[in-house]
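Student: Take a look at the following structure, please.
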Amino acid sequence: MAALLLGLQLRQYGRTLTRSPWATVTLVLAVLGALGALGLVATTMLLLRVTLPQTGPDAVVVLGSALVVGWAVASVLISADDALAPERFAMLPVPARRLLPGVLLGGAVGVGGIATLLALLLTLIGWSITWPALLAAALLLPLQLLTCLLAGRALAAALARQLAKRSGRDLVVVIGSVLGISAGIVVVVVAEGVRALGSTESLLGAVAGALAWTPFGAAWGVPRAIAAGALLPAAAQLLIAIATAALLWLVWAHDFRSRLTAPIVSGGGGRVRSAAWIDRLLPATPVGAIAARGLRYRLRDPRHLVNVIGVVLLPLLILGLNVVMGSTVELELGEGVADLGALGDVGPLLLPLLGAIVLMSVAQLDTAYDSSALSAHVLSGVSGTADRAGRALGMLVLFGPLLTVTAVVTTAISGRWELLPASLGATLGTAALVIGVGSAISPWMPGQTPAPEASPFGTGSSGGAQALLGALLMLLAILTAGAPAIGTAIAAAWFPWLGWVSLAVGLGLGALAIWLGVRLGGRALDRRWPEVLAAVSREH
Amino acid sequence: MPLAATAPPILSLRELSKRFGQTLAVDRLSLDVPRGSLFGLLGPNGAGKTTTLSMATGLLRPDAGTAVVDGADVWADPPVAKARMGVLPDGVRLFDRLTGAELLRYHGLLRGMPEADVTGRAGELLAALGLAEAASTLVIDYSAGMRKKIGLACALIHAPRLLLLDEPFEAVDPVSGETIREILRGFVASGGTVVLSSHVMELVESLCDRVAIIAQGRMLAAGTLDEVRQGQPLQRRFLDLVGTQALDAGSLSWLRSS
């Protein structure tokens, strides 16, 4: 049975890869990412082994605990796409106990599982300081891997009933996107915090010592205790580790068994508030209706919500990073900072521009997100111009105020209020330019998006080759047509009055870009409705 | 039928063709739908019904041929032709992150209707189709039958003269099915025209006054119900035209053994 399930999982991988070249690209990226992480683990392990051999075990305990948490979080994030979900076996006359081993192993077959196994093997370098520790670690390796796999399965199982509700799934998507956007920055902030606290080694030792007694790190704590010659703690931690795995298995198996006979049916979120203010805000015309629909989708569809969060969060995160890192950079550069002078202030000033750049995929892929629901526009005979204008209006109404707030916040933190018009000019000008170009090119290059109801992190989230080309075109537009607004904004750091020029130029350029984009895109759409519909209806 | 014989047809398809790769989905298909008829489009799975309706409504560009609605060419003058049609497509998504009421309002406003009319008609349609309770539930949480009904409401809201409905009764419960039949009969009695596709013979036989049978993208028979039936039950006539798939004597024998 286990072999059958493993085969099933492998065949499903194979099919996805042969069906879409983008699946191959995603796989290659995942493998590269995993290799990078493994390289980092290998280097750290070797460095510690050579320079600070006693610290190795501490680092491994922390790494192991992180792996367990990582597996738990990741499995919840992707639980919507579980190919081996118990419900799929509900019709078969097979008892749960015969399915469980295969399902668990099936989850390990993949980039994540193989990378985890390799990482665990690499940690043996850290344990090689004493023979007993190395032996214990090698013997415990299966238990460590099992803990990772079970942590993922058990948490997803425990949350399954919540995840079956739309509100639960949407929440997971939002949390996942926030985590994804901020992952790199959180690591830097934590690392800075550790450095600020003082000696890294003693802190690492304290953290590892504490984690070794928790279910997260106990399986790695055993060899650590053995390396230190503390046999009694080692025995106790072994007990914790075994109990953890057993408990996780029980939670998961119980859930699996009950779902075989009482499958969880994905349910809805019930009634929603109608948000009538949106209808009052926008005119009762085709253009107004399309804008209102766009606005509702941006707040209700997790695929859109992820983008909205990205537009606001990215500039604020970079700003936060800037604030955290600021002190250390100054320390290291010493006098250098003073020489940068006003240029140093341009950074925070232009940060909201990042949000405007995130808008690129939003603007170009807006039609593609509709999928075959776009047929409503085709059937109603609404003009291409009205379609483009409605979408642009919907984006302006939401992203205009959001970007303005971002610009005000970043200016407030930098403290140079005289530069606010420059920041607004650069940001709003770029945003409008991006919306205009996106409107014009999307009838020709609608791009790919994840299907409605699919995970926003799944297939198609890269946007495809058309999105890449579109992004290049929009960057080109920003660098050429957007140059007057951005250039004057930068120059405003020395001559603040230029900020007002930037604001005027930005708004003027932006309005012109949107007008042109709506005209050109609308005309193209009127000629190409069926072709665009066919392109966006294709689901992968 | 003197009226049908003299007045120009409300929907006229001429030599429509569509090829997908190696498959000829629709092959020089011509069809006239007289004004005021309730027209049933019959065919087995994969016959080209949906492809034909898609080309008649502007969703799919034909390789060759024309589609004319009430004098307006669908592909030469889309705004005019589309304004006269109400369409329930099959196998496409709805804007399902809207509630039922919001979706109806959206379709009404897309059609350029005044807001007051949209609001009034939306309420009436939701009540008539038994969706009033679900008016503020997201369409994504509707059952398959409810989605058909809200799709039908969207096709009706601008009071078109011609309705093109692809599988309107699929997954719809018997009570709602009867409501829909009543709505369609009333619509036709007041001068409207309905074209619906189905593969449920009994339903077409009891509801439609004209039928066309298509298979493998070709028109096999078209006319009034009696012309097509030729004195036989519609089911029999359909099987004769389309051809049946006889089972070998030995095939699936293991299924009969127990």
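The values are calculated or read from the model by the stated rules, or taken from the named source; none is laboratory data. Please read all numbers here as calculations on a predicted model, not as lab measurements. For neighbour counting, all protein chains shown are included, and Cβ atoms are generated from backbone atoms with ideal geometry for every residue, glycine included.
Student: For the range A:43-56, does any single residue satisfy the condition of being outside any helix (DSSP H, G or I), surrounded by fewer than 18 Cβ atoms within 10 Å (Cβ to Cβ) and of a type in the set (Ser, Thr, Tyr)?
Tutor: no
Student: Can you pull out every residue in the range B:187-203 that is within 17 Å of B:PRO34 (Cα to Cα) and either at pLDDT below 90 or not hydroxyl-bearing (Ser, Thr, Tyr) (or both)?
Tutor: B:PHE187, B:VAL188, B:ALA189, B:GLY191, B:GLY192, B:VAL194, B:VAL195, B:LEU196
Student: Here's another thing I want to ask about it. Taking the condition in a helix (DSSP H, G or I), touching a residue at least 40 places away in the same chain (Cβ under 8 Å), in the same structural domain as A:LEU351 (by TED's automatic domain parsing) and β-branched (Val, Ile, Thr), does A:VAL408 pass?
Tutor: No; evaluated as a whole, the condition is false for this residue.
Student: Out of the range B:43-96, which residues are closer than 18 Å to B:ARG147 by Cβ and of a type in the set (Asp, Glu)?
Tutor: B:ASP90, B:ASP96
Student: Still on this model: For the range A:273-299, enumerate the residues that are among the small types (Gly, Ala, Ser) and either more than 8 Å from every other protein chain (Cβ to nearest Cβ) or part of a helix (DSSP H, G or I) (or both).
Tutor: A:ALA275, A:ALA276, A:GLY288, A:ALA289, A:ALA291, A:ALA292, A:GLY294 - these are the residues of the range A:273-299 that are among the small types (Gly, Ala, Ser) and either more than 8 Å from every other protein chain (Cβ to nearest Cβ) or part of a helix (DSSP H, G or I) (or both).
Student: Sticking with this one: Which one of B:ALA56, B:ALA47, B:ALA122, B:ALA64 is farther than 30 Å from B:GLY243 by Cα and either surrounded by fewer than 23 Cβ atoms within 10 Å (Cβ to Cβ) or touching a residue at least 12 places away in the same chain (Cβ under 8 Å) (or both)?
Tutor: B:ALA122
Student: With the condition being over 21 Å from A:LEU525 (Cα atoms) and within 11 Å of another protein chain (Cβ to nearest Cβ), I'd like the helices (runs of 4 or more DSSP H) fully within the range B:48-150 carrying at least 2 qualifying residues.
Tutor: B:100-110, B:115-128
Student: Residues B:GLU182, B:GLU227, B:GLU170: which one is surrounded by fewer than 19 Cβ atoms within 10 Å (Cβ to Cβ), touching a residue at least 40 places away in the same chain (Cβ under 8 Å) and either farther than 30 Å from A:VAL272 by Cβ or in the same structural domain as B:MET55 (by TED's automatic domain parsing) (or both)?
Tutor: It is B:GLU170.
Student: Further, regarding this structure: Working carefully through the options A:ALA368, A:ALA363, A:ALA356, A:ALA376, find the one that is over 25 Å from the mean Cα position of the chain (by Cα), closer than 30 Å to A:GLU453 by Cβ and either of a type outside the set (Lys, Arg) or outside the structural domain of A:ARG296 (by TED's automatic domain parsing) (or both).
Tutor: A:ALA376
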